[in-house]
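Data block below; observations after.
The values are calculated or read from the model by the stated rules, or taken from the named source; none is laboratory data. Quick caveat, the model's predicted, so the values are computed rather than measured. Here the Cβ is made from the backbone with ideal geometry for all residues, glycine too, and neighbour counts use every protein chain on show. Note: areas computed on protein heavy atoms with side chains; ligands, DNA, RNA excluded. Shrake-Rupley method; radii C 1.70, N 1.55, O 1.52, S 1.80 Å.
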Amino acid sequence: MTENTASNKRTDIRVKRTYNQLTEALIRLLEKKSFDDLTVLEICTEANVHRATFYKHFIDKHDFLNCCFKMKLSELEFEKPNKVFSIQGINENCMKMISKVLVFIEDNKAFVSSVSSEYYSSSFTNSLLDSISEFIIAQISEKGSLSEKLGYNLPLMANYYSGAIVGLARWWAISENACSKRVFLDFAKRKVDDLCNYLESFISGEES
C-alpha cells in the first residue's frame with residue numbers, strides 16, 4: 001500500500017465516522033423535535049462535530065438530510081439473485097427484502113416517522129422506492145428470456161409492487177393502530193405469491 005493510498009483510506013474512515021456521528025445525533029434529536037425546528041448548531045453540538053467540519057461536507061441541513069437518506073438506505077442489503085433462477089428463489093428473496101424493510105423501520109422509527117410526516121418525505125420515499133424496484137427487476141432479469149418477454153410489464157410491475165410495499169411500510173411506521181409485523185408479513189406473502197404466479201404464467205407460455 002502506497003503512502004497516498006493509506007492516507008486516503010484514513011481520510012475515508014474519518015469522513016465516515018463524522019457522517020455516522022452526525023446521523024446518529026440527528027436521529028436522537030428527532031425523538032425530541034421536528035427536523036424543521038432543528039439547527040445545524042444543535043446537530044453539531046449533539047454529534048460533537050465542529051460546524052466548520054459540517055459545512056466542509058454539506059451545504060445546509062437539507063443537504064445533510066439527503067445524505068442521511070442515502071446512508072440509512074445503504075443499510076438495506078438486499079439478497080442478490082440466486083445463481084440458479086427459480087420462482088421459489090424470487091419468492092424467498094422478496095420476503096427477505098420486505099422483512100429487512102420492516103426491521104429497518106423498527107430500528108429507525110424516530111427517523112422514519114419524522115421524515116414521513118414532513119415535506120422531504122418524498123425524497124426518502126423515492127430513494128426507498130428506487131431501491132426496491134431495482135431489487136425486483138434484478139431478481140427477474142436473471143432469466144433474460146423472461147425479462148425480455150415481460151417487456152414494459154417488468155418496470156410497471158416492479159414499480160407497482162415497490163409502491164405498495166413502501167406505502168404499507170410507511171403506514172406501518174407512523175400509524176398508532178398498525179398491525180403486528182407477523183400480520184404485515186402474512187399479507188405481504190399473499191401479494192408476493194400473486195407476483196410469482198404472474199411470472200409463472202409467462203414461464204409456462206415460454207415452455208409451451
(request) Please find, within the stretch 136-152, the residue that is surrounded by the most Cβ atoms within 10 Å (Cβ to Cβ) out of those that are over 23 Å from the mean Cα position of the chain (by Cα) and among the polar types (S, T, N, Q). (result) 147
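I'd like to check something: does the stretch 113-121 contain any residue that is at pLDDT 85 or above, assigned to a helix (DSSP H, G or I), within 27 Å of residue 180 (Cα to Cα) and hydrophobic (A, V, I, L, M, F, W, C)?
The answer is no, given that none of the residues of the stretch 113-121 is at pLDDT 85 or above, assigned to a helix (DSSP H, G or I), within 27 Å of residue 180 (Cα to Cα) and hydrophobic (A, V, I, L, M, F, W, C).
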(message) Here's a check for you: in the stretch 169-197, which residue that is under 16 Å from residue 133 (Cβ atoms) and modelled with pLDDT under 90 is least open to solvent (accessible area, probe 1.4 Å)?
(response) 169
(message) Looking at (1) assigned to a helix (DSSP H, G or I); (2) under 21 Å from the mean Cα position of the chain (by Cα); (3) without any contact (Cβ under 8 Å) to a residue 40 or more places away in the chain, which one does residue 90 not meet, given that it meets all the others?
(response) (3)
(message) For the condition of a type in the set (Gly, Ala, Ser) and in contact (Cβ under 8 Å) with a residue 40 or more places away in the chain, what is the one hit in 133, 145, 162?
(response) 145
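Could you tell me which residue of the stretch 84-106 is surrounded by the most Cβ atoms within 10 Å (Cβ to Cβ), considering only residues that are of a type outside the set (Val, Ile, Thr) and closer than 16 Å to residue 143 by Cβ?
Initial filter on the stretch 84-106 (of a type outside the set (Val, Ile, Thr)): 85-86, 88-89, 91-97, 99-100, 102, 104, 106.
Narrowing further to those that are closer than 16 Å to residue 143 by Cβ: 85-86, 88-89, 91-94.
Numbers: 85: 17, 86: 13, 88: 9, 89: 17, 91: 18, 92: 15, 93: 20, 94: 25.
Ranking the qualifying residues of the stretch 84-106, first place goes to 94.
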(message) Go through the stretch 128-184 and report how many residues are acidic (Asp, Glu), touching a Pro at 6+ places or on another chain (Cβ under 8 Å) and in a helix (DSSP H, G or I).
(response) 0
(message) Checking residue 109 against (1) open to solvent by less than 40 Å² (accessible area, probe 1.4 Å); (2) under 15 Å from the mean Cα position of the chain (by Cα); (3) at pLDDT below 90: exactly one of these is not met. Which one?
(response) (1)
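What helices (runs of 4 or more DSSP H) completely inside the stretch 8-83 contain at least 1 residues that are basic (Lys, Arg) and either without any contact (Cβ under 8 Å) to a residue 12 or more places away in the chain or open to solvent by 80 Å² or more (accessible area, probe 1.4 Å) (or both)?
Values: elements: 40-47, 51-57, 61-73.
Where helices (runs of 4 or more DSSP H) fall fully within the stretch 8-83 and carry at least 1 residues being basic (Lys, Arg) and either without any contact (Cβ under 8 Å) to a residue 12 or more places away in the chain or open to solvent by 80 Å² or more (accessible area, probe 1.4 Å) (or both), they are 51-57, 61-73.
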